[in-house]
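A short worksheet on the structure shown next.
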Amino acid sequence: SDLLDQTTKSFRVRKTVLEMLIDRGYALTEAEKNGTLDEFKAQFCDSTGTVEGEKMTITKLKVSDPTQKIMVFFPDEVTKVSVGRMKSYYDKMVEEHAGAAIVVLRNGITSFARSSVARLAVSKEPCRIEFFGEDELLVNI
């Protein structure tokens, strides 16, 4: 996967995540299902061609139960994801009334951030947060 540039990698990872969401029964548009690399670049890259992970956040509703909402976050940290970042994601989930989230990790997560997620999951607004590494999502299995 070293051969893939970050833009192509992010495009493929996002495509796999969208396929996962379809498999889990979330509603997606045709444009999302069939998006091209060029469309991805236009939507999610800055003027230098760098992928902006924050812009890639996905929020979807379940087809069978539109009260069930999931969010997908793509932190673009060059270091491991921190407690602060996870707290901001949790706050967004609460704000959006999302009971589930997927966080796509480029460079891992600190053990402290991972344990903070476990505490958030049973807090006043319980939620389920799953983590996947980018490399795990290059291909949908």
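At R0 = 41 Å, how high is the FRET efficiency between Asp65 and Asp5 if r is their beta carbon distance? Nearest 0.05 is fine.
According to the calculation, E is roughly 0.60.
Using a 1.4 Å probe on the protein chains only, how many percent of the accessible area of the chain belongs to carbon and sulfur? Numbers along the way, then the final one.
Numbers: 4260 of 7770 Å².
Carbon and sulfur atoms account for 55 percent of the accessible area of the chain.
Quote to one decimal, in nm, the extra length available between Glu130 and Ser82 on full extension: 0.36 nm per residue of separation minus the C-alpha distance between them.
My answer for the length gained is 15.8 nm.
Could you compute the net charge surrounding Tyr26? Neighbours are other residues with a C-beta less than 15 Å from the C-beta of Tyr26; K and R count +1, D and E count -1.
+1
Across bins of 10 angstrom width beginning at 0, how are the C-alpha pair distances of the stretch 1-69 distributed, in whole percent?
Calculated over all Cα pairs of the stretch 1-69, the distribution is 19, 48, 26, 7, 0 percent.
Could you state how much accessible area Leu137 has, in square angstrom rounded to the nearest 10, with a 1.4 Å probe and all protein chains kept in place?
10
From a point 7 Å beyond the Cα of Glu19 in the direction of its Cβ, which residues of the stretch 98-117 have a backbone N at a distance under 19 Å?
Inside the label zone: 102-105.
Name the residue farthest towards the positive end of the dipole of the stretch 32-116 from the options Pro75, Ala101, Leu61, assuming +1 on Cβ of Lys and Arg, -1 on Cβ of Asp and Glu, about the Cα centre.
So the residue we want is Ala101.
Would you mind calculating the gained length between Asp91 and Ala42 on full extension (0.36 nm times residue separation, minus the Cα-Cα distance), in nm to one decimal?
On the way: separation 49, 0.36 × 49 = 17.64 nm, distance 2.81 nm.
Fully extending the segment from Asp91 to Ala42 adds 14.8 nm.
Once ligands and nucleic acids are excluded and a 1.4 Å probe is used, how much of Met20 is accessible, expressed in Å² to the nearest 10?
About 20 Å², ignoring ligands and nucleic acids.
Say the dipole of the chain comes from +1 at the beta carbon of Lys and Arg and -1 at that of Asp and Glu; which of Gln6, Phe131, Thr16 then lies farthest toward its positive end?
Value: Phe131.
Counting pairs of Cα atoms in the chain, how many percent are more than 19 Å apart?
Pairs farther apart than 19 Å: 51 percent.
The values are calculated or read from the model by the stated rules, or taken from the named source; none is laboratory data. Please read these numbers as outputs of a predicted model, since none were measured by experiment. Every residue, glycine among them, receives a Cβ derived from its backbone with ideal geometry; neighbour counts consider all protein chains shown. Accessible surface areas use protein heavy atoms only, side chains included; no ligands, DNA or RNA. Shrake-Rupley method; radii C 1.70, N 1.55, O 1.52, S 1.80 Å.
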